[in-house]
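*Asks:* Here you go, one structure.
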């Protein structure tokens, strides 16, 4: 069983889903710690209710990103993680942090990367008149939302859709595909190479794994 550390900033809904999937043996791993950068992060109580160790390391206590990330990396290392999952962790990680956990660090982003990196993805998709939207799970690299995509899920955009409606439909897909990718990494089917993400020894394309099968 691989050891999973989850980093959060808010409600922790993806964290909770992944922890439950681990408990149901649908992921070959165990969430051993949930770390937040905000004391008010609601996900901490959810993790605590499941008996998962929780930590708060506030970025407000540090002068710069590098010093915070150095302390965060040291804290993460105390849990000897095999996989680090970003689940609504609203911090841009420094290059040193990313290098330290290279190949073990996953993120989920609410757009069909490489479209709409950064924030406000639902609003931007609507403003640009997109016909589809979605979510991407990717390895974390030094480029913001620029690491190799592992898996994407698409949703249609209907006339009259609001940001809230898009967000709800995207969340449904997040809960479906994020645990699957975490499981792939935990079972050593997935790895990060110099060429990109590989699944079962096959290099994935720019949009990640194309099949609906697992």
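Just so you know, all these numbers are worked out from the coordinates, no wet-lab data involved. This one's a predicted model, so the numbers in the text were calculated from it and none came from an experiment. Every residue, glycine among them, receives a Cβ derived from its backbone with ideal geometry; neighbour counts consider all protein chains shown.
*Asks:* Using the alpha-carbon centroid of each, what span in Å lies between segment 184-205 and segment 109-172?
*Replies:* Their Cα centres are 22 Å away from one another.
*Asks:* Which of 41, 95, 194 moves the most in a Gaussian network model of the chain with Cα springs under 10 Å?
*Replies:* In this elastic network of the chain, the residue with the biggest mean-square fluctuation among 41, 95, 194 is 194.
*Asks:* Given the Cα-Cα distance of residue 195 and residue 117 and 0.36 nm per residue of separation, how much length would full extension add, in nm?
*Replies:* Full extension of this stretch gives 26.0 nm more.
*Asks:* Whole angstrom only: what separates the Cα centroid of segment 77-93 from the Cα centroid of segment 2-56?
*Replies:* So the separation of the two Cα centres works out to 11 Å.
*Asks:* May I pose another question? Given the -39500 (n - 2.57) contribution per DSSP H run of 4+ residues, what per-residue ellipticity at 222 nm results for the chain, rounded to the nearest 500 deg cm²/dmol?
*Replies:* The per-residue figure over the chain is -9500 deg cm²/dmol.
*Asks:* Ok, one more. Along the Cα→Cβ direction, 7 angstrom out, place labels at residue 188 and residue 95. What is the inter-label distance in nm?
*Replies:* My value for the distance between the label points is 3.2 nm.
*Asks:* Over all distinct alpha-carbon pairs, what is the Kirkwood Rh of segment 30-156 in angstrom?
*Replies:* In segment 30-156 this quantity evaluates to 15.9 Å.
*Asks:* Still on this structure, please answer the following. Report the FRET efficiency, 1/(1 + (r/R0)^6), for residue 50 and residue 102, where r is their Cβ-Cβ distance and R0 is 25 Å, rounded to 0.05.
*Replies:* Efficiency, from the Cβ-Cβ distance: 0.30.
*Asks:* Quote to one decimal, in nm, the extra length available between residue 60 and residue 165 on full extension: 0.36 nm per residue of separation minus the C-alpha distance between them.
*Replies:* 34.5 nm
*Asks:* How big is segment 65-131 by Rg and Dmax over its Cα atoms, in Å?
*Replies:* For segment 65-131, the Cα-based Rg and Dmax read 14.9, 46 Å.
*Asks:* Most exposed first by the Cβ proxy, i.e. fewest other Cβ within 10 Å, how do 35, 155 rank?
*Replies:* Ordered by Cβ neighbours within 10 Å, fewest first: 155, 35.
*Asks:* With a 10 Å Cβ neighbour count serving as the proxy for reagent exposure, in which order, fewest first, do 116, 175 appear?
*Replies:* Taking fewest neighbouring Cβ atoms as first place, the list is 175, 116.
*Asks:* Can you give me the Rg/Rh ratio for the chain, using Cα atoms for both radii and the Kirkwood formula for Rh?
*Replies:* Computed over Cα atoms, the ratio is 0.95.
*Asks:* Order by neighbour count: 104, 60, 65, 176, fewest other Cβ atoms within 10 Å first, most last.
*Replies:* In increasing order of surrounding Cβ atoms, one gets 60, 176, 65, 104.
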